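Comments concern the structure below.
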C-alpha cells in the first residue's frame, strides 16, 4: 500500500463483499444463482461452514472440502506474502 489513502481499498474490494456473500449474516442458499460461485471462493464462507457444523451440526458443503480449501488458501497466500515481502525488503 503506497499511501495511507489506499489503505481502505482492500477492505472495500475484498473484506466487505466477503462478509456479505459468505453466509455470516444470511444463508448462501438464499443468494441468487450468479452470486453463489463468489461465495464459495471466499475463505470466510468455509470458516463459517465449519463453525456452523461444529456448533449446530448443520452444513451446506462437505466439511473436508472446506478444510482442504482453507489449507490450500493459507499456503498459497502465505507463500505470496513471503515472496512480495522479500522483494520489498530487498529494494
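Things worth noting here:
- Fully extending the segment from residue 90 to residue 59 would add 6.6 nm, taking 0.36 nm per residue of separation and subtracting the current Cα-Cα distance.
- Applying 0.36 nm per residue to the separation of residue 44 and residue 83 and subtracting their alpha-carbon distance, the gain on full extension is 11.7 nm.
- In degrees, nearest ten, helix 63-90 long axis to first principal axis of the chain (Cα): 10
- With helices as the sole contributors, the chain gives -19000 deg cm²/dmol at 222 nm; each DSSP H run of n ≥ 4 counts as -39500 (n - 2.57), and the sum is divided by every residue.
- Only Cα pairs under 8 Å and 6+ residues apart enter the sum, and on that basis the relative contact order of the stretch 4-90 stands at 19 percent.
- The order of 49, 60, going from fewest to most other C-beta atoms within 10 Å of their C-beta, is 60, 49.
- In a fully extended conformation the segment linking residue 67 and residue 3 would gain 19.5 nm over its present Cα-Cα distance, using 0.36 nm per residue.
- For the chain, built as a Gaussian network whose Cα springs stay under 10 Å, the top-fluctuating residue of 72, 48, 28: 72
- Ranked list, fewest to most other Cβ atoms within 10 Å of each Cβ, for 36, 91: 91, 36
- Degrees between helix 43-56 axis and first principal axis of the chain (Cα, 0 to 90, nearest 10): 40
- Ranked list, fewest to most other Cβ atoms within 10 Å of each Cβ, for 45, 69: 69, 45
Every read-out reported here was derived from the displayed coordinates using simple, explicitly stated rules and does not represent laboratory data. This one's a predicted model, so the numbers in the text were calculated from it and none came from an experiment. Quick reminder, even Gly has a Cβ in these numbers, built from the backbone with ideal geometry, and neighbours come from all protein chains shown.
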